[in-house]
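The values are calculated or read from the model by the stated rules, or taken from the named source; none is laboratory data. Computed from a predicted structure; not experimentally measured. Cβ placement follows ideal geometry from the backbone for every residue including glycine, while neighbour counts extend to all protein chains displayed. Surface accessibility is based on the protein's heavy atoms, side chains included, excluding ligands, DNA and RNA. Shrake-Rupley method; radii C 1.70, N 1.55, O 1.52, S 1.80 Å.
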Amino acid sequence: QVQLVESGGGLVQPGGSLRLSCAASGPIFRINAMGWYRQAPGKQRELVALITSGDNTNYEDSVKGRFTISRDNAKNTVYLQMNNLKPEDTAVYYCNADIQRTFPRINGQYWGRGTQVTVSS
């Protein structure tokens, strides 16, 4: 089946950087939009960044200028470069992708299991 696997989370000090990766595998015909979401304790899950198949991007206001989303279509992978991290960025980060399967050839939403990002001194 189609799976998304995140990597790159961890513990960093304020002002530090992390690079998250998410690789999709399985019976994939085409990947449309891909994105990163996050959920902090006691809060709802929110969209952090989104990238379309045409490389158009959107960012949550609090991460603009600090985070960059990109994708490598040959590797079925999406990245999130996070710079100048702040304590309020602490959350579980989830990868999401809209994927058209090989068979049956239909669209579906898929989620990774999440990776913890902790920003603390």
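List of remarks:
- Look at the stretch 1-25: where a residue is over 16 Å from residue 73 (Cα atoms) and a partner is of a type in the set (Val, Ile, Thr) and open to solvent by 30 Å² or more (accessible area, probe 1.4 Å), sitting 6+ places away or on another chain with Cβ atoms under 8 Å, you get 10/118; 11/118; 12/118.
- Flag for residue 53 being exposed (fewer than 13 other Cβ atoms within 10 Å of the Cβ), of a type in the set (Ser, Thr, Tyr) and farther than 19 Å from residue 119 by Cβ: no
- The stretch 56-121 holds strands (runs of 3 or more DSSP E) entirely within its bounds, and those carrying 3 or more residues that are without any contact (Cβ under 8 Å) to a residue 24 or more places away in the chain and either surrounded by 15 or more Cβ atoms within 10 Å (Cβ to Cβ) or not aromatic (Phe, Trp, Tyr) (or both) map to 57-59, 67-72.
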